[in-house]
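Inspection log for the structure reproduced underneath, given as structure tokens.
The values are calculated or read from the model by the stated rules, or taken from the named source; none is laboratory data. This structure is a prediction, so every number in the text was calculated from the model and none was measured. Because the Cβ atoms are built from the backbone with ideal geometry, glycine has one as well, and the counts that use them run over all protein chains shown.
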Amino acid sequence: MTTSIVNADTLLAIDVGTVTTRAFYFDAVAGEYRFVAMGTAPSTYRFPINDASEGIRQAISQLEEITGRQFVSLEENLISPGTNEGTGVDTVAATISAVPPLNVLAVGLLEDVSLESAKNLASTIYARVVDTISMNDRRSLAEKVDEILRQRPDLVIIAGGTENGASKSVIKLLDVVGLASILLPENQRPQMLFAGNPAVAPEVVSTLREFSTVETAPNLRPALDVEQLGPAQGELRSIFRRIFSARNPGVKELDTWTAGRLLPSATGFGRMVEFISHHNHAKAVLGVDVGAASTVIASAYTGDLRQRIYSRLGLGEELESLLRYTSLANVVRWLAIDVGEADVRDYVLHKTLYPNSIPVTAEDAAIELALARELLVTAMKDARKYFPANAPEIKSGLMPAFEPIIVSGSTFTRAANLGHSLLALLDALEPVGVSVILMDENALLPALGAAAEINSILPVQVLDSGVLRSLGTVICPVGNARFGTPILRLRVVLPSGEEKRLDIKEGMLTTIPLEAGQKAMLQLQPLNRYDVGLGGPGRSGSVNVVGGDLGIVIDARGRPLQLARENARRKDSIKKWLWTLGS
Amino acid sequence: MLAPATHIIPLTVIQRRRLLPAEGRLQVRQGQNVRATDVIATASLKPKHVMLDIAAGLGVGRGEAKKFIERYLEDEVAEGDVIAKKTGLMTRSVRAPVEGRLVLITDGFVMLEAKTPQFELLAGIPGQVAELIHNLGAVIETSGALVQGMWGNGRVDFGLLNVLADGPDAVLTPDQIDVSLRGGVILSGHCSSPEALRNAADQRLRGLVLGSLDAELSPLARKMAFPILLTDGFGHLPMNERAFKLLSTNNKRDIALNAEPLNRMTGSRPEILIPLPGGERLDAPAPVGRLGAGVLVRITRDPYRGRLAVVDALLPGRTTLQNGLRVSAASVTIVGGETAQVPLANLEILNQG
């Protein structure tokens with residue numbers, strides 16, 4: 001249920017991605033905000049144009065053609081506020097992911113405490129931690145200085161000392177940072193962010209400000225067992241904006257258009273995952289965004305957002321990095337076709353040379369999804385360490401019970417066969433219980449997250465209007481039984497009164513057609529003490545579901561998913577699953 | 001629509017901005033002629049510092065240590081040189097443990113930057129220094145035939161081109177590389193043999209130009225001391241016909257290879273230059289082109305991967321391809337006659353000048 005609005009401000013939202021720049025227009029239709037149209041253009045952040053504004057103007061120009069509304073004047077200025085004559089826009093929100101990751105030096109007192117928090121803070125923006133320094137670092141002062149000079153970080157995040165805790169040892173940590181700064185040319189000195197014991201903040205600032213800009217933020221570790229990243233994230237975003245505005249004129253202009261509210265795209269995405277989590281107290285929400293240059297995993301439970309950005313895990317020019325974390329054999333295991341490890345390596349390296357290219361043949365599409373699976377598996381393996389601690393679980397060691405699971409990234413959302421996308425997501429994410437898989441096919445969420453800061457009603461109403469495409473409801477029972485054992489009795493009641501009954505056996509993957517928007521009631525009766533998230537093993541219950549592209553999907557292949565070791569059997573199984581979902 | 005362009009041009013003027021990753025020292029002057037392998041700037045990218053505790057070394061207090069230091073900031077010292085000395089009944093001194101330069105004197109400490117091997121920035125192409133960039137590098141200008149590649153192993157060299165291929169799809173075999181090729185650059189279509197790369201190293205080749213390479217050889221290729229440049233990519237892929245034609249017609253000429261890796265942020269990429277007199281004033285080719293009817297393109301993905309084609313038309317809106325993909329696409333005529341619809345994302349402009 002949303003509120004009707006009277007005096008609606010129009011909104012233009014821009015997202016500058018690594019490959020594509022998007023311009024979205026939102027306006028009120030019949031008293032409620034709606035996503036009206038989108039214009040796209042190739043991003044121009046990088047060589048040879050080196051100015052994001054060219055891509056932004058092209059995307060806006062396409063949006064103008066589609067909507068018939070003029071947003072930019074002949075003098076190339078944004079027309080704001082909007083007029084009744086159909087020109088201009090009242091508000092602007094913007095996000096960016098085209099930037100290269102910031103090189104961050106993380107400094108903390110204790111390796112497992114404040115240093116960990118400094119690293120965690122860095123992982124909330126597009127960043128790469130190039131070195132860490134803690135109190136127990138055994139390197140000599142000169143060795144630490146040398147490493148900083150080699151790495152030339154853009155930013156130093158310093159944490160340490162609880163409230164009223166350590167102070168002298170925190171100040172001691174600054175020696176190496178100050179020394180390295182003196183030795184660096186003035187224009188290459190890193191920006192500094194101190195987010196430790198507030199009692200020493202003035203001394204930290206006075207010590208470091210003669211070398212570089214120093215910002216302070218609330219303590220990341222107010223107590224040993226309490227980590228609070230949220231308050232420091234605002235300051236971190238300001239630094240992010242400042243650094244990239246200085247490097248690229250288009251970013252500076254965009255930041256001006258948004259009155260200093262330009263966000264990393266991942267922040268906008270995470271903000272929407274957090275927002276959605278406020279509306280589902282029974283389960284946590286998961287958002288995954290697999291891009292060309294990075295992967296974002298955001299999980300939230302009742303507003304507690306945990307987000308990690310993996311700046312070196314992407315399906316574009318950094319794809320070869322994936323092979324540092326996993327093996328080619330692990331990629332090949334997801335393929336039903338006869339493709340060897342050498343072929344996949346050829347594919348990976350070739351893709352790094354043509355990162356914007358898209359798979360056309362069935363073989364390429366299968367390899368691309370196999371890589372996307374492995375990329376998600378790799379990212380999730382790390383991200384799960386940071387999921388909200390109290391997120392409801394069905395069984396320890398498995399994924400928490402997420403609903404919905406929101407997916408972004410064209411490899412999944414623009415795949416030729418959405419069934420194949422869904423299978424890849426089930427394989428990589430291994431959801432449990434009952435969940436809905438939603439696709440952000442227009443990559444709207446970052447823009448909505450940025451818009452939320454200036455118009456809190458707009459994202460609510462736009463989400464309610466169904467901008468996320470449902471792939472379907474998935475039911476993943478959890479338990480232990482031999483292959484072929486009956487584990488779930490299912491009754492589907494459609495609004496027409498029509499009923500379908502199904503007995504699910506361990507190992508099955510099956511679908512029940514239910515068109516997008518169509519509602520149904522599911523009665524679930526787990527057998528053999530299986531758990532579908534209705535209150536415990538063997539507990540039955542009813543859930544109301546809404547259909548999607550794939551209807552209702554029952555994934556009873558087991559958790560954790562075990563693929564057959566024998567090649568032919570494994571390939572046969574995958575072919576069967578692809579046929580079930582992709583035909 | 002703007003799209004990336006790869007240049008394969010028989011005669012053009014080339015300006016390349018060659019920059020150090022960090023500030024350093026220039027080694028050339030404006031107007032100087034350079035070879036591809038000439039060092040144009042140096043920098044200390046892997047610095048090594050030594051902290052000397054003068055107060056402890058002399059047995060004095062931190063406050064008074066400064067007055068015993070006999071060297072000044074930026075002084076260069078040899079190993080064993082006295083840095084600080086306290087004379088008297090018991091003469092004590094602190095000496096430089098390594099050759100280097102004093103970079104900091106503070107609070108009873110001296111920091112010495114040890115002399116380390118310098119990073120050397122090579123010219124990359126033969127030509128003339130057209131502009132100096134303060135402490136960072138230079139712009140080199142030259143004219144000649146240009147072939148841009150897609151992958152390089154990071155090395156730079158030049159030598160006599162030996163075409164070992166009778167066609168763009170020729171495969172390089174180990175036995176083709178013998179002593180007669182020593183000091184030269186060889187060209188072939190594809191290589192899948194580690195032995196061929198090792199033979200090339202044994203024969204001290206000064207360069208290898210290929211259309212493609214098996215990806216599993218990339219770690220070995222990266223280790224090779226001579227430049228290896230791929231014009232098209234990885235996997236079993238012939239060299240594109242335009243590159244093959246231009247290069248093979250320059251057999252037995254001197255060519256320069258700058259096999260620097262492709263960097264989409266800075267625009268640097270592997271290149272082959274065959275120096276030729278410029279004659280009348282030529283324009284430098286634009287790094288991007290506009291896709292449209294009549295434009296020659298390279299298709300970057302299967303089923304036509306590596307094939308050249310001419311764009312017939314950009315298709316309006318989104319096109320549903322045979323596999324169900326809905327994308328912005330172009331209809332193209334592939335060299336040889338076949339027509340196809342190809343996603344715009346899978347096209348790269350091939351500029352022939």
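Within region A:26-43, is even one residue within 12 Å of A:ALA447 (Cβ to Cβ), in a strand (DSSP E or B), among the small types (Gly, Ala, Ser) and modelled with pLDDT of 95 or more? Taking every residue of region A:26-43 in turn, none turns out to be within 12 Å of A:ALA447 (Cβ to Cβ), in a strand (DSSP E or B), among the small types (Gly, Ala, Ser) and modelled with pLDDT of 95 or more.
Scanning region A:201-243 for residues that are part of a helix (DSSP H, G or I), acidic (Asp, Glu) and within 17 Å of A:LEU155 (Cα to Cα) yields one hit, A:GLU235.
Confirm whether B:ILE133 is in the same structural domain as B:VAL185 (by TED's automatic domain parsing) and surrounded by fewer than 20 Cβ atoms within 10 Å (Cβ to Cβ).
yes
Of all the residues in region A:277-300, those that are out of contact with any Asp or Glu (no Cβ under 9 Å at 6 or more places or on another chain), over 17 Å from A:PRO100 (Cα atoms) and surrounded by 24 or more Cβ atoms within 10 Å (Cβ to Cβ) number 2. Among the residues of region B:276-298 satisfying the criterion of being exposed (fewer than 14 other Cβ atoms within 10 Å of the Cβ) and more than 30 Å from B:ALA340 (Cα to Cα), which is modelled with the highest pLDDT? Top of the filtered list is B:PRO277. For region B:93-133, a tally of residues being in contact with a strand residue (DSSP E or B) (Cβ under 8 Å, 6 or more places away or on another chain) and within 30 Å of B:LEU257 (Cα to Cα) returns 16. Here the strands (runs of 3 or more DSSP E) wholly within region A:437-539 that include at least 3 residues being in contact with a helix residue (DSSP H, G or I) (Cβ under 9 Å, 6 or more places away or on another chain) are A:469-476, A:509-512. Kindly indicate whether B:THR339 is surrounded by fewer than 14 Cβ atoms within 10 Å (Cβ to Cβ), out of contact with any His (no Cβ under 8 Å at 6 or more places or on another chain) and under 23 Å from B:GLY211 (Cβ atoms). Considered against the rule, which asks whether it is surrounded by fewer than 14 Cβ atoms within 10 Å (Cβ to Cβ), out of contact with any His (no Cβ under 8 Å at 6 or more places or on another chain) and under 23 Å from B:GLY211 (Cβ atoms), B:THR339 comes out as no.
Number of residues in region B:301-345 that are touching a strand residue (DSSP E or B) at 6+ places or on another chain (Cβ under 6 Å), among the polar types (S, T, N, Q) and within 8 Å of chain A (Cβ to nearest Cβ): the value is 0. Among residues of region B:249-271 being under 19 Å from the mean Cα position of the chain (by Cα) and either of a type in the set (S, T, N, Q) or outside the structural domain of B:PRO219 (by TED's automatic domain parsing) (or both), the one that is nearest to B:VAL39 (Cα to Cα) is B:ASN258. Taking region A:175-199 as the range and being assigned to a helix (DSSP H, G or I) and buried (at least 21 other Cβ atoms within 10 Å of the Cβ) as the test, the residues that pass are A:VAL176, A:VAL177, A:LEU179, A:ALA180, A:SER181.
Residue-level check: of (1) in contact with a Leu (Cβ under 7 Å, 6 or more places away or on another chain); (2) more than 14 Å from chain B (Cβ to nearest Cβ), A:LEU184 misses just (2).
One residue stands out in region A:139-171 among those that are away from chain B (no Cβ under 14 Å) and at positive phi: the one that is surrounded by the most Cβ atoms within 10 Å (Cβ to Cβ), namely A:GLY160.
Of the residues that sit in region A:358-382 and are touching a Phe, Trp or Tyr at 6+ places or on another chain (Cβ under 8 Å) and β-branched (Val, Ile, Thr), which one is nearest to the other protein chains (Cβ to nearest Cβ)? The selected residue is A:ILE367. What pairs can you find where one residue is in region A:558-583 and assigned by TED's automatic domain parsing to the domain that holds A:ALA481, the other is β-branched (Val, Ile, Thr) and modelled with pLDDT of 95 or more, and their Cβ atoms are less than 6 Å apart, with a gap of 6+ or different chains? Pairs found: A:ARG559/A:VAL432; A:ARG559/A:VAL478. The residues in region B:40-74 that are over 21 Å from B:GLN118 (Cβ atoms), more than 14 Å from chain A (Cβ to nearest Cβ) and surrounded by 18 or more Cβ atoms within 10 Å (Cβ to Cβ) can be counted, and the count is 9. Examine region A:389-407 for a residue that is farther than 29 Å from A:VAL19 by Cα, in contact with a Ser or Thr (Cβ under 7 Å, 6 or more places away or on another chain) and assigned to a strand (DSSP E or B), and state whether such a residue exists. Looking for residues that are farther than 29 Å from A:VAL19 by Cα, in contact with a Ser or Thr (Cβ under 7 Å, 6 or more places away or on another chain) and assigned to a strand (DSSP E or B), one finds at least one in region A:389-407, hence yes. Under the condition of being within 25 Å of the chain's Cα centre (by Cα), farther than 21 Å from A:PHE412 by Cβ and not in a strand (DSSP E or B), the residues counted in region B:329-353 number 2.
The residue that is farthest from the chain's Cα centre (by Cα), among those in region A:480-521 that are modelled with pLDDT of 95 or more and on the phi > 0 side of the Ramachandran plot, is A:GLY484.
Where strands (runs of 3 or more DSSP E) sit wholly within region B:105-192, those with at least 1 residues that are out of contact with any Leu (no Cβ under 8 Å at 6 or more places or on another chain) and modelled with pLDDT of 95 or more occupy B:109-114, B:119-122, B:127-133, B:137-148, B:156-163.
Just wondering, is there one or more residues in region A:87-98 that are surrounded by fewer than 22 Cβ atoms within 10 Å (Cβ to Cβ), of a type in the set (Gly, Ala, Ser) and under 30 Å from A:THR10 (Cβ atoms)? Yes, there is a match, as at least one residue in region A:87-98 is surrounded by fewer than 22 Cβ atoms within 10 Å (Cβ to Cβ), of a type in the set (Gly, Ala, Ser) and under 30 Å from A:THR10 (Cβ atoms).
Selection within region B:188-241: residues that are within 20 Å of the chain's Cα centre (by Cα) and of a type in the set (Ser, Thr, Tyr). The member of this set that is farthest from the other protein chains (Cβ to nearest Cβ) is B:THR231.
Condition test on B:VAL13, is it aliphatic (A, V, I, L, M) and closer than 18 Å to A:ALA142 by Cβ? No: the conditions fail for B:VAL13.
Only one residue in A:ARG150, A:ARG139 is free of Cβ contacts under 8 Å to residues at least 12 places away in the same chain and closer than 25 Å to A:GLU318 by Cβ. Which one?
On inspection, the qualifying residue turns out to be A:ARG150.
Each row is one residue, and each column tells you yes or no for (1) without any contact (Cβ under 8 Å) to a residue 60 or more places away in the chain; (2) over 27 Å from B:GLU74 (Cβ atoms).
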site: A:LEU183; (1), (2): yes, no
site: A:ALA199; (1), (2): yes, yes
site: A:LEU208; (1), (2): yes, no
site: A:PRO222; (1), (2): no, yes
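Checking A:VAL285, A:VAL273, A:VAL296 one by one, the residue that is closer than 19 Å to A:LEU445 by Cα and part of a helix (DSSP H, G or I) is A:VAL273 and no other.
Okay, residues lined up against (1) hydroxyl-bearing (Ser, Thr, Tyr); (2) modelled with pLDDT of 95 or more; (3) outside the structural domain of B:ARG264 (by TED's automatic domain parsing):
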| site | (1), (2), (3) |
| --- | --- |
| B:THR300 | yes, yes, yes |
| B:ASP312 | no, yes, yes |
| B:THR319 | yes, no, yes |
| B:ASN323 | no, no, yes |
| B:THR333 | yes, yes, yes |
| B:ALA340 | no, yes, yes |
| B:PRO343 | no, yes, yes |
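Of the residues that make up region A:339-357, is at least one in a helix (DSSP H, G or I), among the aliphatic types (A, V, I, L, M), in contact with a helix residue (DSSP H, G or I) (Cβ under 7 Å, 6 or more places away or on another chain) and away from chain B (no Cβ under 13 Å)? No - not one qualifying residue is present in region A:339-357.
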